[in-house]
Amino acid sequence: MREVTGWNRKTIHIAIDKDILDQLLAMKRVGIVRDPHLAGTSTFCRVLLAILCKIAVAAPINAAATQPQAATPAPATATMSEGSHEIIQSPEEAMAQDAAEYARRYNVPLNIAVRRLRAQQDSIGITDELATIFRDRLAGIFIEHEPTFRIIVRLTGSDQVPDRTVTLEGTNIPIVFQTGAPATRDQILAAIEQHQADIRRAVLTPPGMGVDPKNGMLAVLVRARDVEQGDAKRLAENLGVMAGVPVEIRSWNEISRNLEVEGGGRAVGLDGAGDPRHVVCTTGFVVTDGQYYGISTAAHCPDTLDYVSQGQSRIALDIIGAWGERYQDVQIHSVPAPAPPFFYAGPSTGVARPVFSWRNRESTRVGDFVCHRGEGSGYSCAEVEFVDFAPPGDLCAGPCMPVWVAVQGPDCRSGDSGGPVFSGTIAFGILKGASYTADGVCRLYYYMSIDYLPPGWTLFHR
């Protein structure tokens, strides 16, 4: 879909009655987010939707602030026509789609949702600076969305820091400092590094571990069967003595596992040599080493994959390499021709959006509202729950390092592995696995941050 030109935004805004605008937005909300037939929307409706997006989203995305310092790959010329997709979203339309999910989740108007998501992005430089200033006291920084959007800085010690207010997207955003946390983020990460093996041996099933910035404690995620009734407090105390930092125990009846050419598309392969079972994975983002192009997915997916196009035709993807230990779960497959920097982000593979930038893990915050697309679960959005997370079990060819980002469920399923995690046109990471309750509900999914791509490979972006 191309940007509508020749219109005066102010004139349109005045000409459309507010009640009618609200009705139109409400009518299109499902279509923006969930309607698999959006590709068949009439030209009039698509133009109208573009106009509505222009009204709701006036400012361009400020992606440059999130660019990590990296070598710029050689210029890439896409041979795949944009016309091969039924819908190519503009940055405004991509934001509007994600904002519709935000509005539904938090029960706020769409225009407020758009402002909050832009404020979420524009506040990165602010929270990065706060993390540096208060490094010695920092338990963590997190975002709250209810009852209002605000930034929380959790600190150790009792010395008070005055609250602040910043204005982003025309909205005053409170920055609240909370003191009294029992441990810093650095102390908790050091405890995981030094005592992960001891903690794993102390329970029946190797648990997940993460830094909880909201209380400044080491969160240990165990299966309910590993903690007898009334023993959670005692286990927390014992593990706290072992780790040297306060521990909180979280438990549920769960299993944890990996979730079994253009990002967000279907890729299929055989599950191991001689095994006739077909495994479905999801492609992530287009990557480049400056000379060649590839498509990413998860390293635990089969080495031999076929990309399944919208028309169900198959394209063989030759593997270039796989990296699947400790802090990585990514493999890269060659593509038969230079691919554009698009990925699928709609409820079906008929809606694609470009990549303009990426978010490093160190700049990601608990509470960030992110979205993902997988072949198993489709498109959904939720809050980041852990930025420093070590998934349970031995999902990283052994214990995982606490460098994975975990996102709240319940929308993840087998087949999502390798899929893109994003916000608007900003890439966050590649989906790895998930933890489920006993009745199959996704409790958390976790992804590899985009800054852990293999050496020499970078995200291909506009």
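The values are calculated or read from the model by the stated rules, or taken from the named source; none is laboratory data. Bear in mind that the values here come from a model prediction, so they are computed numbers and not experimental data. Ideal geometry is used to build each Cβ from the backbone, glycine not excepted, and the neighbour counts take in all protein chains shown.
Structure notes:
- Within the stretch 350-365, the set of residues being part of a strand (DSSP E or B) and within 18 Å of Val384 (Cβ to Cβ) comprises Ser357, Trp358.
- Some residue of the stretch 127-136 being polar (S, T, N, Q), under 16 Å from Val384 (Cα atoms) and either surrounded by fewer than 23 Cβ atoms within 10 Å (Cβ to Cβ) or in contact with a Lys or Arg (Cβ under 8 Å, 6 or more places away or on another chain) (or both): yes
- When the residues of the stretch 351-377 are filtered to those that are closer than 18 Å to Glu101 by Cβ, out of contact with any His (no Cβ under 6 Å at 6 or more places or on another chain) and among the aliphatic types (A, V, I, L, M), the one that is surrounded by the fewest Cβ atoms within 10 Å (Cβ to Cβ) is Val370.
- Residues located in the stretch 366-424, provided they are touching a helix residue (DSSP H, G or I) at 6+ places or on another chain (Cβ under 7 Å) and of a type in the set (A, V, I, L, M): Val387, Ala390, Val403, Val405
- When Ile175, Ile151 are screened for being buried (at least 22 other Cβ atoms within 10 Å of the Cβ) and modelled with pLDDT of 95 or more, only Ile151 passes.
- Answer residue from the stretch 378-425, given it is among the acidic types (Asp, Glu) and either farther than 30 Å from Arg201 by Cβ or outside the structural domain of Glu325 (by TED's automatic domain parsing) (or both) and is surrounded by the fewest Cβ atoms within 10 Å (Cβ to Cβ) among those: Glu383
- Annotation note: of Ser423, Ser417, Ser380, the sole residue that is small (Gly, Ala, Ser), under 23 Å from Ala100 (Cα atoms) and out of contact with any Phe, Trp or Tyr (no Cβ under 9 Å at 6 or more places or on another chain) is Ser380.
- For Ala183: the one exception among (1) closer than 28 Å to Met401 by Cβ; (2) assigned to a helix (DSSP H, G or I); (3) of a type in the set (Gly, Ala, Ser): (2)
Yes/no per residue for (1) farther than 23 Å from Val114 by Cα; (2) touching a Gly at 6+ places or on another chain (Cβ under 7 Å):
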position	(1), (2)
Asp318	yes, no
Gln331	yes, yes
Pro338	yes, no
Phe356	no, no
Arg359	no, no
Tyr379	no, yes
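- Any hit, the stretch 304-312, residues being within 25 Å of Ala94 (Cβ to Cβ), touching a strand residue (DSSP E or B) at 6+ places or on another chain (Cβ under 8 Å) and at pLDDT 90 or above: no
- Test: Pro91 is surrounded by 15 or more Cβ atoms within 10 Å (Cβ to Cβ), closer than 30 Å to Gly294 by Cβ and at pLDDT 95 or above: yes
- Selection count, the stretch 168-180, where residues are under 25 Å from the mean Cα position of the chain (by Cα) and in a strand (DSSP E or B): 6
- Reported count of residues in the stretch 133-183, each being aromatic (Phe, Trp, Tyr) and closer than 15 Å to Gly367 by Cα, is 2.
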